[in-house]
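The values are calculated or read from the model by the stated rules, or taken from the named source; none is laboratory data. Since this is a predicted model, take the numbers as computed values, not measurements. Cβ sites come from the backbone with ideal geometry, for glycine too, and all protein chains shown count toward neighbours.
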Amino acid sequence: MKSRICEMLRIEYPIFQGAMAWIANASLAAAVSEAGGLGIIAGGTAPVDIIRNEVRKAKEMTSKPLGLNIMLLSPHADEMAKMACEEGIKVVTTGAGTPGKYMEMWKSHDIKVIPVVPSVAIAKRMVRSGADALIAEGTEAGGHVGELTTMVLVPQIVDAVDIPVIAAGGIGDGRGVAATFMLGAEGVQIGTRFLTAYECSVHENYKKKVLAAKDIDTVVTGRPTGHPVRILKNKLSRSFMQLDRTCASKDEYEKLGEGALARAVIEGDIDYGSIMAGQIAAIVNREQSCKDIVKELIVEANKLLQKDWN
Ligand code: TUI
């Protein structure tokens, strides 16, 4: 399972933990890094000092490489980009936009930049602006998603660029890891499977909802806003779907969505909170340590990739 990504980032296994906003904190990221993967702290839309504190805490918990994700729709993205340099972060991933304007600053601080991309055109643009690797995220993922599936997106991006491609979206076990390696990926990013890790501090009710999820229990809402989001079905998702059907205004979406992720993550409100999770939630049915999750993914994937198919 060694790949260019392991060398580039000095990690043991090419497994990134998805940067789930409000969820991927020091506890989760440090545990994944300690397990030999890449733990990533999510900036989300939080104020910069909250995240700075998580970065410092994580560094006390592990001496292994850690990443920081910058969500480019955040009003704090500029400050977060600077904070990565100030805190000596060595790997930045980005989501929900193009990080071109920060590239020079990050490069001058020796930071590896790995943007999430939902299409070939955006992938090519990221390469031109100096990305070191790409995360090709399919629409199976939770949260803010593009239109293409992982199966279709990964091989096309692998063909279009020369830098390493990490697959994301719909990967929850060793079979998914092996499958994306067959498509040309050199690493995977996994979010949903880590939601039920012991070290993940998301509310118990959120974990239970993920553990109970079946194949068709997620839905993408908000397409008319240009920022479609995949969440588990509940009363909130039904209200969002009603807005989708009635061509509601941006204000109506904002009013309904305001504070909704924190409501689910912190308060455990599974009816009116936004429970972001990927389609693969259906196969997540155990609580485990990050160490066991990473080990299991690698052992299963290695077995499949070395199997004699004759
Ligand atoms: O960013 C994500 N997933 C997320 S972010 C998030 S928090 C949030 N809060 C409020 C509204 C929306 C989200 C929850 N989940 N995934 C990475 C990702 N990036 N998916 C798609 C993209 C993307 C989309 C467009 C990356 C680049 C891009 O470029 C467009 C352009 O033209 O710049």
Legend entry - So GLY146, is it surrounded by 23 or more Cβ atoms within 10 Å (Cβ to Cβ), within 14 Å of the ligand (Cβ to nearest atom), assigned by TED's automatic domain parsing to the domain that holds LEU68 and under 20 Å from ASP215 (Cα atoms): no
Inset, instruction - Give me a count of the residues in the range 29-42 that are part of a loop (DSSP other than H, G, I, E, B) and within 16 Å of the chain's Cα centre (by Cα). - result: 1
Legend entry - Yes/no for LYS90 being basic (Lys, Arg), in contact (Cβ under 8 Å) with a residue 24 or more places away in the chain and in the same structural domain as ALA141 (by TED's automatic domain parsing): yes
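Within the range 43-53, is there a residue that is in a loop (DSSP other than H, G, I, E, B) and within 21 Å of ALA136 (Cα to Cα)?
Checked the range 43-53: at least one residue is in a loop (DSSP other than H, G, I, E, B) and within 21 Å of ALA136 (Cα to Cα).
Please enumerate the residues belonging to the range 196-229 that are part of a strand (DSSP E or B) and more than 16 Å from the ligand (Cβ to nearest atom).
ALA197
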Legend entry - So GLY39, is it crowded, with 23+ Cβ neighbours inside 10 Å, under 14 Å from THR93 (Cβ atoms) and within 15 Å of the ligand (Cβ to nearest atom): no
Legend entry - Residue count, the range 149-162 (criterion: touching a residue at least 24 places away in the same chain (Cβ under 8 Å) and within 16 Å of the ligand (Cβ to nearest atom)): 7
Inset, instruction - Would you please list the contacts, defined by Cβ atoms under 9 Å and residues six or more apart or on different chains, that run from a residue in the range 19-35 that is free of Cβ contacts under 8 Å to residues at least 24 places away in the same chain to a residue that is away from the ligand (no atom under 16 Å from the Cβ)? - result: none
Inset, instruction - Quickly run through the range 230-272 and pick out the residues that are closer than 24 Å to GLU147 by Cα, touching a residue at least 40 places away in the same chain (Cβ under 8 Å) and either among the hydrophobic types (A, V, I, L, M, F, W, C) or part of a loop (DSSP other than H, G, I, E, B) (or both). - result: ILE231, LEU232, ASN234, LEU261
Inset, instruction - Could you please find all residues in the range 77-119 being out of contact with any strand residue (DSSP E or B) (no Cβ under 9 Å at 6 or more places or on another chain) and aliphatic (A, V, I, L, M)? - result: MET105
Legend entry - Of all residues making up the range 72-102, the number that are in contact with a Ser or Thr (Cβ under 7 Å, 6 or more places away or on another chain) and away from the ligand (no atom under 16 Å from the Cβ): 0
Inset, instruction - Could you grab me the full set of residues in the range 112-138 that are within 9 Å of the ligand (Cβ to nearest atom) and farther than 23 Å from LEU9 by Cβ? - result: SER119, ALA121
Inset, instruction - Could you tell me whether any residue of the range 237-244 is surrounded by fewer than 17 Cβ atoms within 10 Å (Cβ to Cβ), outside the structural domain of GLY169 (by TED's automatic domain parsing) and of a type in the set (D, E, K, R)? - result: yes
Legend entry - Whichever residue in the range 1-29 is small (Gly, Ala, Ser) and buried (at least 24 other Cβ atoms within 10 Å of the Cβ) and, among such residues, is nearest to TYR206 (Cα to Cα): ALA24
Legend entry - Hey, ALA167 free of Cβ contacts under 8 Å to residues at least 40 places away in the same chain and closer than 18 Å to GLY146 by Cα or not: yes
Inset, instruction - Select from the range 65-78 the residues that are of a type outside the set (Ser, Thr, Tyr) and crowded, with 16+ Cβ neighbours inside 10 Å and list them in ascending order. - result: PRO65, LEU66, GLY67, LEU68, ASN69, ILE70, MET71, LEU72, HIS76, ALA77
